[in-house]
Amino acid sequence: LNRSQNVGATQLSCKSSKIWEHGTSLMNYLRMVELEGLTGHIEFNSKGQRSNYVLRIMQNSKEGLRQVK
């Protein structure tokens, strides 16, 4: 995305109706990519929502994190 246009960060407020000028470009880019991240496989559907993922419920104990069945 950054190769096709100069993407910079600007300060926004949740109370304002102003949107980030590169938001639409970012969403369009995310819909096209798939990658392996720290949480596993990452991909998004046509609405920009993460799809094809697995959730694991973890419990913290004295021995550390363990997956709940």
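In table form, for the structure just shown:
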read-out	value
Between 0 and 90°, nearest 10: helix 23-32 axis offset from the chain longest Cα axis	50 degrees
Top of 11, 49, 59 by mean-square fluctuation, Gaussian network on the chain, Cα under 10 Å	59
Rounded percent of accessible protein surface that carbon and sulfur make up, the chain, 1.4 Å probe	52 percent
Rh (Kirkwood; distinct C-alpha pairs) - the chain, Å	15.4 Å
Per residue, in Å², the accessible surface of the chain once ligands and nucleic acids are set aside, probe 1.4 Å	94 Å²
Anchor residue 47: lysines whose Cα lies under 23 Å away (excluding residues fewer than 8 positions away in-chain)	18
Contour minus Cα-Cα distance for residue 16 and residue 35 (0.36 nm per residue)	3.6 nm
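The values are calculated or read from the model by the stated rules, or taken from the named source; none is laboratory data. Everything numeric in this text was worked out from a predicted model, so none of it was measured. These area figures cover heavy atoms from the full protein model, side chains too; ligands, DNA and RNA do not enter into them. Shrake-Rupley method; radii C 1.70, N 1.55, O 1.52, S 1.80 Å.
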